[in-house]
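Structure, as C-alpha coordinates:
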Amino acid sequence: MSTQSAALTRTYYALESFCENMGDKIVPYLPDLVEKLVVMIANSPTVHGKELAISALGAVSNAAEDAIVPFLGQVMEHLKVYLTAPDSADGIRLKTISIDTLSVFARKIGKETFSPMAAECVQLGIANLNNADDPDMRRCIYSLFGAISSTCPEALYPVLDGIVKRMFESLDSTEGMTTEYKDSSVMRFDLDDSVEEGQGEESDDEDEVLGDYENIEGITVENGYLEEKGDTLTSLCELADNMGTHFVPYYEETFGHGLKLVDYTAPLVRRGSILCMTHVCNALHKVITQHNFQVSGWLV
(Lines give C-alpha, C1' and ligand atoms only; values in the text may rest on other atoms or scores of the structure.)
Protein backbone atom coordinates (compact mmCIF):
# COMPACT_ATOMS: atom_id res chain seq x y z
CA MET A 1 0.00 0.00 0.00
CA SER A 2 1.42 3.39 -1.00
CA THR A 3 1.91 6.20 1.51
CA GLN A 4 -0.92 8.18 -0.11
CA SER A 5 -3.27 5.19 0.01
CA ALA A 6 -2.40 4.48 3.65
CA ALA A 7 -3.06 8.11 4.57
CA LEU A 8 -6.42 8.00 2.79
CA THR A 9 -7.36 4.81 4.65
CA ARG A 10 -6.51 6.39 8.01
CA THR A 11 -8.53 9.49 7.12
CA TYR A 12 -11.65 7.49 6.34
CA TYR A 13 -11.15 5.32 9.41
CA ALA A 14 -11.12 8.49 11.50
CA LEU A 15 -14.28 9.71 9.74
CA GLU A 16 -16.12 6.45 10.44
CA SER A 17 -15.04 6.52 14.09
CA PHE A 18 -16.21 10.14 14.29
CA CYS A 19 -19.63 9.16 12.92
CA GLU A 20 -19.92 6.25 15.33
CA ASN A 21 -19.18 8.47 18.31
CA MET A 22 -21.36 11.39 17.16
CA GLY A 23 -24.54 9.41 16.58
CA ASP A 24 -27.45 11.66 15.59
CA LYS A 25 -25.34 14.73 16.34
CA ILE A 26 -23.88 14.15 12.88
CA VAL A 27 -27.12 15.39 11.28
CA PRO A 28 -26.11 19.10 10.90
CA TYR A 29 -23.06 18.01 8.92
CA LEU A 30 -24.93 15.70 6.53
CA PRO A 31 -25.20 18.04 3.51
CA ASP A 32 -21.45 18.64 3.33
CA LEU A 33 -20.52 15.06 4.20
CA VAL A 34 -22.83 13.46 1.66
CA GLU A 35 -21.80 15.89 -1.08
CA LYS A 36 -18.10 15.25 -0.58
CA LEU A 37 -18.50 11.47 -0.31
CA VAL A 38 -20.63 11.30 -3.45
CA VAL A 39 -18.02 13.31 -5.33
CA MET A 40 -15.34 10.91 -4.09
CA ILE A 41 -17.38 7.89 -5.20
CA ALA A 42 -17.85 9.36 -8.66
CA ASN A 43 -14.41 10.80 -9.23
CA SER A 44 -11.86 8.82 -7.21
CA PRO A 45 -9.17 7.50 -9.57
CA THR A 46 -8.75 4.31 -7.51
CA VAL A 47 -11.04 1.45 -6.55
CA HIS A 48 -9.74 1.69 -2.99
CA GLY A 49 -10.79 5.33 -2.78
CA LYS A 50 -14.29 4.49 -4.01
CA GLU A 51 -14.52 1.63 -1.49
CA LEU A 52 -13.58 3.91 1.38
CA ALA A 53 -16.12 6.56 0.36
CA ILE A 54 -18.95 4.01 0.00
CA SER A 55 -18.09 2.50 3.39
CA ALA A 56 -18.05 5.97 4.95
CA LEU A 57 -21.52 6.62 3.52
CA GLY A 58 -22.69 3.54 5.37
CA ALA A 59 -21.16 4.85 8.61
CA VAL A 60 -22.77 8.26 8.10
CA SER A 61 -26.16 6.64 7.40
CA ASN A 62 -25.85 4.36 10.42
CA ALA A 63 -25.30 7.38 12.65
CA ALA A 64 -27.88 9.66 11.03
CA GLU A 65 -30.58 6.95 10.67
CA ASP A 66 -33.72 8.33 8.97
CA ALA A 67 -32.16 11.80 8.69
CA ILE A 68 -30.29 10.44 5.66
CA VAL A 69 -33.58 10.00 3.76
CA PRO A 70 -33.49 13.45 2.01
CA PHE A 71 -30.15 12.45 0.49
CA LEU A 72 -31.13 8.89 -0.39
CA GLY A 73 -31.98 9.54 -4.04
CA GLN A 74 -28.63 11.26 -4.62
CA VAL A 75 -26.73 8.44 -2.90
CA MET A 76 -28.61 5.58 -4.60
CA GLU A 77 -27.99 7.12 -8.02
CA HIS A 78 -24.27 6.50 -7.50
CA LEU A 79 -24.56 3.21 -5.63
CA LYS A 80 -26.65 1.63 -8.40
CA VAL A 81 -23.68 1.98 -10.75
CA TYR A 82 -21.72 -0.44 -8.56
CA LEU A 83 -24.63 -2.61 -7.43
CA THR A 84 -25.10 -3.60 -11.06
CA ALA A 85 -21.42 -3.61 -12.03
CA PRO A 86 -19.91 -6.53 -14.01
CA ASP A 87 -18.27 -9.24 -11.91
CA SER A 88 -14.69 -8.26 -12.59
CA ALA A 89 -12.23 -8.23 -9.66
CA ASP A 90 -12.75 -4.49 -9.13
CA GLY A 91 -16.47 -4.75 -9.80
CA ILE A 92 -16.91 -7.40 -7.10
CA ARG A 93 -15.05 -5.28 -4.55
CA LEU A 94 -17.26 -2.25 -5.23
CA LYS A 95 -20.45 -4.29 -5.43
CA THR A 96 -19.69 -5.98 -2.10
CA ILE A 97 -19.18 -2.74 -0.19
CA SER A 98 -22.23 -1.21 -1.93
CA ILE A 99 -24.42 -4.13 -0.78
CA ASP A 100 -23.04 -3.66 2.72
CA THR A 101 -24.06 0.00 2.65
CA LEU A 102 -27.47 -0.91 1.22
CA SER A 103 -27.96 -3.11 4.30
CA VAL A 104 -27.45 -0.05 6.50
CA PHE A 105 -30.19 1.79 4.58
CA ALA A 106 -32.51 -1.19 5.01
CA ARG A 107 -32.04 -1.07 8.78
CA LYS A 108 -32.04 2.68 9.34
CA ILE A 109 -34.26 4.61 6.94
CA GLY A 110 -37.56 3.19 8.20
CA LYS A 111 -40.18 0.87 6.76
CA GLU A 112 -42.16 3.58 5.00
CA THR A 113 -39.15 4.74 2.99
CA PHE A 114 -37.57 1.33 2.42
CA SER A 115 -40.73 -0.62 1.46
CA PRO A 116 -40.80 0.61 -2.16
CA MET A 117 -37.18 -0.54 -2.52
CA ALA A 118 -37.51 -3.86 -0.70
CA ALA A 119 -38.54 -6.16 -3.56
CA GLU A 120 -35.84 -4.75 -5.84
CA CYS A 121 -33.21 -5.22 -3.11
CA VAL A 122 -34.30 -8.84 -2.60
CA GLN A 123 -34.02 -9.56 -6.31
CA LEU A 124 -30.64 -7.85 -6.41
CA GLY A 125 -29.46 -10.10 -3.60
CA ILE A 126 -30.83 -13.26 -5.21
CA ALA A 127 -29.31 -12.45 -8.61
CA ASN A 128 -25.87 -11.84 -7.14
CA LEU A 129 -26.05 -14.81 -4.78
CA ASN A 130 -26.65 -17.18 -7.70
CA ASN A 131 -23.25 -16.23 -9.15
CA ALA A 132 -21.33 -15.43 -5.97
CA ASP A 133 -18.01 -17.28 -5.66
CA ASP A 134 -16.53 -14.73 -3.28
CA PRO A 135 -17.14 -15.31 0.47
CA ASP A 136 -17.24 -11.57 1.21
CA MET A 137 -19.92 -11.11 -1.42
CA ARG A 138 -22.01 -13.96 0.00
CA ARG A 139 -21.78 -12.74 3.60
CA CYS A 140 -22.81 -9.22 2.57
CA ILE A 141 -25.80 -10.60 0.67
CA TYR A 142 -26.84 -12.66 3.70
CA SER A 143 -26.53 -9.53 5.86
CA LEU A 144 -28.73 -7.68 3.37
CA PHE A 145 -31.42 -10.34 3.71
CA GLY A 146 -31.14 -10.10 7.50
CA ALA A 147 -31.50 -6.33 7.30
CA ILE A 148 -34.54 -6.59 5.02
CA SER A 149 -36.15 -9.04 7.44
CA SER A 150 -35.90 -6.43 10.20
CA THR A 151 -37.82 -3.84 8.16
CA CYS A 152 -39.89 -5.58 5.47
CA PRO A 153 -39.99 -9.33 6.25
CA GLU A 154 -42.89 -9.83 3.84
CA ALA A 155 -40.54 -9.10 0.93
CA LEU A 156 -38.63 -12.29 1.76
CA TYR A 157 -41.61 -14.65 2.05
CA PRO A 158 -41.54 -15.88 -1.59
CA VAL A 159 -37.77 -16.58 -1.62
CA LEU A 160 -37.10 -17.57 1.98
CA ASP A 161 -36.60 -21.27 1.25
CA GLY A 162 -33.87 -20.67 -1.33
CA ILE A 163 -32.12 -18.11 0.87
CA VAL A 164 -32.02 -20.33 3.94
CA LYS A 165 -30.75 -23.31 1.95
CA ARG A 166 -27.90 -21.23 0.53
CA MET A 167 -27.01 -20.13 4.05
CA PHE A 168 -26.90 -23.76 5.15
CA GLU A 169 -24.60 -24.53 2.21
CA SER A 170 -22.21 -21.80 3.37
CA LEU A 171 -22.17 -23.24 6.89
CA ASP A 172 -21.47 -26.74 5.56
CA SER A 173 -18.84 -25.62 3.03
CA THR A 174 -15.18 -26.57 3.37
CA GLU A 175 -14.03 -23.86 0.98
CA GLY A 176 -10.90 -22.09 2.12
CA MET A 177 -9.75 -24.95 4.36
CA THR A 178 -6.18 -26.17 3.89
CA THR A 179 -4.29 -28.89 5.74
CA GLU A 180 -1.01 -28.20 7.53
CA TYR A 181 1.40 -31.14 7.86
CA LYS A 182 4.07 -31.89 10.44
CA ASP A 183 6.28 -33.14 7.62
CA SER A 184 6.75 -30.27 5.16
CA SER A 185 7.60 -32.74 2.39
CA VAL A 186 4.01 -33.99 2.37
CA MET A 187 1.90 -32.25 -0.24
CA ARG A 188 -0.72 -29.84 1.06
CA PHE A 189 -4.24 -30.18 -0.24
CA ASP A 190 -7.38 -28.11 -0.27
CA LEU A 191 -10.22 -29.90 1.47
CA ASP A 192 -12.85 -28.48 -0.82
CA ASP A 193 -11.01 -29.61 -3.96
CA SER A 194 -10.51 -33.08 -2.50
CA VAL A 195 -14.20 -33.46 -1.73
CA GLU A 196 -15.28 -32.31 -5.19
CA GLU A 197 -12.82 -34.53 -7.00
CA GLY A 198 -13.83 -37.55 -4.94
CA GLN A 199 -17.58 -37.20 -5.41
CA GLY A 200 -19.16 -40.20 -7.11
CA GLU A 201 -15.93 -42.23 -7.08
CA GLU A 202 -14.68 -44.96 -4.77
CA SER A 203 -10.95 -44.85 -4.25
CA ASP A 204 -8.97 -48.09 -4.12
CA ASP A 205 -6.60 -46.44 -1.74
CA GLU A 206 -8.22 -43.96 0.65
CA ASP A 207 -4.81 -42.63 1.64
CA GLU A 208 -4.41 -41.24 -1.87
CA VAL A 209 -7.53 -39.15 -1.40
CA LEU A 210 -7.41 -38.24 2.27
CA GLY A 211 -3.67 -38.10 2.86
CA ASP A 212 -1.77 -39.26 5.90
CA TYR A 213 -3.93 -38.23 8.87
CA GLU A 214 -1.21 -39.05 11.38
CA ASN A 215 1.01 -36.44 9.75
CA ILE A 216 -1.65 -33.67 9.81
CA GLU A 217 -0.74 -30.93 12.27
CA GLY A 218 -3.84 -28.83 11.76
CA ILE A 219 -6.25 -27.20 9.35
CA THR A 220 -6.24 -23.51 8.47
CA VAL A 221 -9.22 -21.55 7.18
CA GLU A 222 -8.93 -18.31 5.23
CA ASN A 223 -10.36 -15.33 7.10
CA GLY A 224 -12.91 -14.56 4.40
CA TYR A 225 -14.56 -17.95 4.82
CA LEU A 226 -14.54 -17.68 8.62
CA GLU A 227 -16.23 -14.28 8.40
CA GLU A 228 -18.75 -15.73 5.96
CA LYS A 229 -19.72 -18.46 8.43
CA GLY A 230 -19.90 -15.98 11.29
CA ASP A 231 -22.09 -13.52 9.37
CA THR A 232 -24.25 -16.34 8.01
CA LEU A 233 -25.05 -17.41 11.56
CA THR A 234 -25.83 -13.80 12.50
CA SER A 235 -28.17 -13.46 9.51
CA LEU A 236 -29.94 -16.69 10.45
CA CYS A 237 -30.46 -15.20 13.92
CA GLU A 238 -32.16 -12.20 12.32
CA LEU A 239 -34.35 -14.34 10.10
CA ALA A 240 -35.40 -16.48 13.07
CA ASP A 241 -36.25 -13.31 15.02
CA ASN A 242 -38.10 -11.48 12.27
CA MET A 243 -39.80 -13.99 9.96
CA GLY A 244 -42.28 -15.31 12.53
CA THR A 245 -44.19 -18.45 11.55
CA HIS A 246 -42.60 -18.38 8.09
CA PHE A 247 -39.35 -19.55 9.66
CA VAL A 248 -40.93 -22.48 11.54
CA PRO A 249 -39.91 -25.09 8.88
CA TYR A 250 -36.25 -24.11 9.38
CA TYR A 251 -35.99 -24.07 13.18
CA GLU A 252 -34.77 -27.64 13.52
CA GLU A 253 -32.16 -27.48 10.77
CA THR A 254 -30.94 -24.05 11.86
CA PHE A 255 -30.51 -25.28 15.43
CA GLY A 256 -28.70 -28.36 14.12
CA HIS A 257 -26.24 -26.30 12.10
CA GLY A 258 -25.52 -24.17 15.14
CA LEU A 259 -24.94 -27.27 17.23
CA LYS A 260 -22.52 -28.72 14.67
CA LEU A 261 -20.38 -25.58 14.79
CA VAL A 262 -20.33 -25.09 18.55
CA ASP A 263 -16.87 -26.71 18.77
CA TYR A 264 -15.47 -24.98 15.68
CA THR A 265 -11.86 -23.86 15.98
CA ALA A 266 -12.55 -20.15 15.33
CA PRO A 267 -14.07 -18.16 18.25
CA LEU A 268 -16.07 -16.05 15.79
CA VAL A 269 -17.90 -19.12 14.51
CA ARG A 270 -18.33 -20.68 17.97
CA ARG A 271 -19.90 -17.49 19.28
CA GLY A 272 -22.17 -17.27 16.24
CA SER A 273 -23.30 -20.87 16.66
CA ILE A 274 -24.30 -20.33 20.30
CA LEU A 275 -26.13 -17.12 19.45
CA CYS A 276 -27.88 -18.88 16.59
CA MET A 277 -29.19 -21.66 18.82
CA THR A 278 -30.24 -19.09 21.43
CA HIS A 279 -32.17 -17.02 18.89
CA VAL A 280 -33.90 -20.11 17.50
CA CYS A 281 -35.09 -21.06 21.00
CA ASN A 282 -36.26 -17.51 21.73
CA ALA A 283 -38.01 -17.18 18.37
CA LEU A 284 -39.70 -20.55 18.81
CA HIS A 285 -40.95 -19.58 22.27
CA LYS A 286 -42.34 -16.36 20.80
CA VAL A 287 -44.16 -18.24 18.04
CA ILE A 288 -45.60 -20.74 20.52
CA THR A 289 -46.87 -18.08 22.92
CA GLN A 290 -48.16 -15.62 20.31
CA HIS A 291 -49.66 -18.05 17.80
CA ASN A 292 -50.51 -21.05 19.99
CA PHE A 293 -48.20 -23.11 17.78
CA GLN A 294 -48.18 -26.86 18.50
CA VAL A 295 -44.69 -28.37 18.79
CA SER A 296 -43.67 -31.93 18.03
CA GLY A 297 -40.68 -34.08 17.08
CA TRP A 298 -37.29 -32.67 18.09
CA LEU A 299 -38.91 -29.83 20.03
CA VAL A 300 -40.71 -32.04 22.55
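Rank these residues by their accessible area, most exposed first, probe 1.4 Å: Lys36, Lys50, Lys108. Write down the numbers at each step before the final one.
Working: Lys36 135, Lys50 30, Lys108 60 Å².
Largest accessible area first, the residues go Lys36, Lys108, Lys50.
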- Heavy-atom accessible area of Glu238 with all protein chains present, probe 1.4 Å, nearest 10 Å²? 30
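Rounded to the nearest 0.05, what FRET efficiency is calculated for Thr220 and Leu275 with R0 set to 30 Å and r the Cβ-Cβ distance? Could the numbers behind the result be given before it?
On the way: r = 24 Å, r/R0 = 0.81.
With R0 = 30 Å, the Cβ-Cβ based efficiency is 0.80.
Using 0.36 nm per residue of separation minus the Cα-Cα distance, give me the extension gain between Asp172 and Ser5 in nm, one decimal. Don't jump to the answer; show the numbers that get you there.
On the way: separation 167, 0.36 × 167 = 60.12 nm, distance 3.72 nm.
Length difference between fully extended and current span is 56.4 nm.
Determine, from the Cβ-Cβ distance of Leu268 and Asp24 and an R0 of 30 Å, the FRET efficiency 1/(1 + (r/R0)^6), rounded to the nearest 0.05. Each step should come with its number before you reach the end.
Working: r = 30 Å, r/R0 = 1.00.
Step by step, r from the Cβ atoms, then E = 0.50.
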- Task: Using every pair of alpha-carbon atoms in segment 67-128, split the distances into 5 Å bins beginning at 0 and state the percent of pairs per bin, rounded to integers.
- Result: 4, 18, 29, 27, 14, 6, 2, 0
- Message: How big is the dipole moment of segment 11-160 about its Cα centre under a simple scheme where the beta carbon of each Lys and Arg is +1, that of each Asp and Glu is -1, and everything else is neutral? Debye, nearest 20, please.
- Response: 60
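Using a 1.4 angstrom probe on the protein heavy atoms only, could you order Lys165, Lys25 from most to least accessible area? Please report the intermediate quantities before stating the final value.
Working: Lys165 110, Lys25 140 Å².
Of Lys165, Lys25, the descending order of accessible area is Lys25, Lys165.
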- Note on the structure: Applied in sequence order to segment 93-109, the curve 6.51 cos²θ - 1.76 cosθ + 1.60 (Karplus, θ = phi - 60°) yields integer Hz couplings, x standing for Gly and Pro, of 4, 6, 5, 4, 5, 5, 5, 4, 5, 4, 4, 5, 4, 4, 7, 10, 8
- Message: Report the per residue volume, in Å³, of the convex hull enclosing the C-alpha atoms of segment 1-152.
- Response: 107
- Return the sequence-ordered ³J(HN,Hα) values of segment 112-123 in whole Hz as given by the Karplus equation 6.51 cos²θ - 1.76 cosθ + 1.60 applied to θ = phi - 60°, using x for Gly and Pro. 4, 7, 7, 3, x, 9, 4, 4, 5, 5, 4, 5
- Message: Among the listed pairs Lys165/Lys260; Lys95/Lys165; Lys80/Lys108; Lys36/Lys80; Lys50/Lys80; Lys50/Lys165, which have their C-alpha atoms separated by more than 21 angstrom in this model?
- Response: Lys95/Lys165; Lys50/Lys165
- Query: Can you tell me the Rg and the Dmax, both Å, for the Cα atoms in segment 239-286?
  - Reply: 10.8, 33
- Note: segment 23-99 at 10 °C, 1.306 mPa s; Kirkwood Rh on alpha carbon pairs; Stokes-Einstein D in µm²/s works out to 126
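What's the extension gain from Met76 to Asp90 if we count 0.36 nm per residue and subtract their Cα-Cα distance? Let's see the in-between values first.
Details: separation 14, 0.36 × 14 = 5.04 nm, distance 1.93 nm.
Stretched fully, the Met76-Asp90 segment lengthens by 3.1 nm.
So how do Tyr157, Tyr13, Tyr29 rank on accessible area, 1.4 Å probe, biggest first, that is with the largest at the start? It would help to have the intermediate numbers written out before the result.
On the way: Tyr157 95, Tyr13 160, Tyr29 120 Å².
The most accessible residue leads, giving Tyr13, Tyr29, Tyr157.
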- Note on the structure: Probe 1.4 Å, all chains present, heavy atoms only: Glu169 accessible area in Å², nearest 10, is 110
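Provide the net charge surrounding Ala63, with neighbours chosen by a C-beta distance below 12 Å and charges set as Lys +1, Arg +1, Asp -1, Glu -1.
Details: positive: Lys25, Lys108; negative: Glu16, Glu20, Asp24, Glu65, Asp66.
Cβ neighbours under 12 Å give a net charge of -3.
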- Query: Using a 1.4 angstrom probe and counting only protein chains, how large is the accessible area of Asp241 in Å², to 10?
  - Reply: 60
- Item | Contour minus Cα-Cα distance for Thr289 and Glu180 (0.36 nm per residue) | 34.3 nm
- Item | FRET efficiency for Ala42 and Asn282, using Cβ-Cβ distance with R0 set to 45 Å, rounded to 0.05 | 0.55
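The values are calculated or read from the model by the stated rules, or taken from the named source; none is laboratory data. What you see is a predicted model, and the numbers here were worked out from it, not measured in a lab. Glycine also receives a Cβ, built like all others from the backbone with ideal geometry; neighbour counts cover every protein chain displayed. For accessibility, only protein heavy atoms count, side chains too; no ligands or nucleic acids. Shrake-Rupley method; radii C 1.70, N 1.55, O 1.52, S 1.80 Å.
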